[in-house]
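Asks: Pasting in a structure now, in structure tokens, and then I'll have a few things to ask.
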Amino acid sequence: MAKKFSKPELSRMINGDIVKKDTQVEEEKRRFDMVLLEKYPEYTRGTIQKFIKEGLASINGEVITKANYAVSAEEEENVSMVIPEITAEKNRPPVLYEDDNVIVFDKPAGMLSIKKGAYLDETAVEDFGEIVHRLDRDTSGVIIVAKNAETKSKLQKQFAERKTHKCYYALVVGHPKQPHAIINVPLARNLKKPTTFIADKDGREAITEYKVIASNDRFSLVELKPRTGRTHQLRIHMAHIGTPILGDPVYNPKSPKADRMYLHAYSLEITIPEGKRVTFTSLLPESFRDAVK
């Protein structure tokens, strides 16, 4: 009489009906770009993926060009990356004012304020001092940087406490319904596009005062005075009232053809070290006024 097993699965194994699984747990592996990101945190994931694609990353001396390559725990000990040398000449933007503590630049449109950890073979404002506040790449005008940590802290505190006064000029498409008004519309991060923001009643307070300076049948030149300093505030507020800024690639994607985004940081009033209250001004580019003649 055949012996009966109390464990049917064991019986089936003995009879060869099922194959015993390997009890060894499969080794966990990680993406190559994520391993490098952990090792080189000063760079963004996008920059690291660029380096990988260009053949600058390797494992045990062997070049790997796929960011999603599965790296074993053993291989992680031998990943490396060659950082290319930045060769671009650092062209200092025009200086409006400079002393032992600060530099005030007249930033041209197209120049980055800060590189956000990315490798870029181009000049940015941060190459010349400590960033205190930022202007979008396509915004021109007054920007101040600090030459030392103490000054940076003092200036940033003024921005945080709203003790600075800023004035911008923008060329917008169309005509605001009121020639002079205050826009009080809260802003929040756009979860569908995390690098952008949207008008949201549950967002953070954002207030902008605007005044129409000149206009023609297509455009209006407006003076903008932000009372808060939210990211993209002026761009979103002007788009929200139906008159988006000319050339804004994000908040006015259907903008008429333009050679730049028409937003200019005209002036900044701030207290610099030693208690000196100063207003720095950048002349409005002629193209702004020419567009409304």
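Quick grid of which residues meet (1) modelled with pLDDT of 50 or more; (2) in contact with a helix residue (DSSP H, G or I) (Cβ under 8 Å, 6 or more places away or on another chain):
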| site | (1), (2) |
| --- | --- |
| A2 | no, no |
| I14 | no, no |
| T23 | no, no |
| E27 | yes, yes |
| T65 | yes, yes |
| A73 | yes, no |
| N78 | yes, no |
| I86 | yes, no |
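Asks: Checking E130 against (1) open to solvent by 40 Å² or more (accessible area, probe 1.4 Å); (2) out of contact with any helix residue (DSSP H, G or I) (no Cβ under 6 Å at 6 or more places or on another chain); (3) at pLDDT 90 or above, which single condition isn't satisfied?
Replies: (2)
Asks: List, please: which pairs have Cβ atoms under 9 Å, are six or more places apart or on different chains, and start with a residue in segment 131-155 that is on the phi > 0 side of the Ramachandran plot and end with one that is acidic (D, E) and outside any helix (DSSP H, G or I)?
Replies: Every condition considered, the pairs that remain are G141/D106.
Asks: Starting from segment 159-172, take each residue that is more than 16 Å from I207 (Cβ to Cβ) and list its partners that are polar (S, T, N, Q), counting only C-beta distances under 7 angstrom and pairs at least six apart or across chains.
Replies: V172/S220; V172/T243
Asks: Still on this structure: Can you tell me which residue in segment 237-269 is surrounded by the fewest Cβ atoms within 10 Å (Cβ to Cβ), limited to those that are closer than 22 Å to K211 by Cβ and among the β-branched types (V, I, T)?
Replies: By that ranking, first place goes to I241.
Asks: Given (1) without any contact (Cβ under 8 Å) to a residue 24 or more places away in the chain; (2) more than 26 Å from T44 (Cα to Cα); (3) assigned to a loop (DSSP other than H, G, I, E, B), identify the lone condition not met by I114.
Replies: Tallying (1) without any contact (Cβ under 8 Å) to a residue 24 or more places away in the chain; (2) more than 26 Å from T44 (Cα to Cα); (3) assigned to a loop (DSSP other than H, G, I, E, B), I114 fails exactly one: (2).
Asks: While we're looking at this one, here's another question. Residue by residue through segment 88-109, note down the ones that are more than 18 Å from K147 (Cβ to Cβ) and modelled with pLDDT of 95 or more.
Replies: Initially, segment 88-109 is screened for residues more than 18 Å from K147 (Cβ to Cβ), giving 88-89, 91, 108-109.
Scanning segment 88-109 gives P108, A109.
Asks: Residue check: is I272 within 23 Å of I144 (Cα to Cα) and buried (at least 16 other Cβ atoms within 10 Å of the Cβ)? Show your work before the answer.
Replies: Working: within 23 Å of I144 (Cα to Cα): yes; buried (at least 16 other Cβ atoms within 10 Å of the Cβ): yes.
Against the criterion (within 23 Å of I144 (Cα to Cα) and buried (at least 16 other Cβ atoms within 10 Å of the Cβ)), I272 qualifies.
Asks: Could you check how many residues of segment 152-197 are more than 14 Å from I213 (Cα to Cα), open to solvent by less than 30 Å² (accessible area, probe 1.4 Å) and among the small types (G, A, S)?
Replies: Number satisfying all stated conditions: 1.
Asks: Name the single residue that is least open to solvent (accessible area, probe 1.4 Å) among those in segment 223-235 being among the charged types (D, E, K, R) and outside any helix (DSSP H, G or I).
Replies: Here the answer is E223.
Asks: Can I ask one more? If E209 satisfies every condition in (1) assigned to a loop (DSSP other than H, G, I, E, B); (2) touching a strand residue (DSSP E or B) at 6+ places or on another chain (Cβ under 8 Å); (3) acidic (D, E) but one, which is the exception?
Replies: Only one criterion is unmet by E209, namely (1).
Asks: Residue check: is E54 at pLDDT 90 or above, open to solvent by 30 Å² or more (accessible area, probe 1.4 Å) and among the acidic types (D, E)? Break it down stepwise before answering.
Replies: Numbers: at pLDDT 90 or above: no; open to solvent by 30 Å² or more (accessible area, probe 1.4 Å): yes; among the acidic types (D, E): yes.
No: the conditions fail for E54.
Asks: Please enumerate the residues belonging to segment 236-293 that are assigned to a loop (DSSP other than H, G, I, E, B) and under 30 Å from N101 (Cβ atoms). Before you say what the answer is, go through the steps one by one.
Replies: So the first thing to find is which residues in segment 236-293 are assigned to a loop (DSSP other than H, G, I, E, B), and the list is 241-244, 246-262, 273-275, 282-285, 291-293.
Within segment 236-293, P273, E274, G275, S282, L283, L284, P285 meet the criteria.
The values are calculated or read from the model by the stated rules, or taken from the named source; none is laboratory data. Computed from a predicted structure; not experimentally measured. All Cβ positions, even for glycine, are placed from backbone atoms using ideal geometry, and neighbour counts span all protein chains on display. Quick note on the areas: whole protein, heavy atoms, side chains included, nothing else; ligands and nucleic acids left out. Shrake-Rupley method; radii C 1.70, N 1.55, O 1.52, S 1.80 Å.
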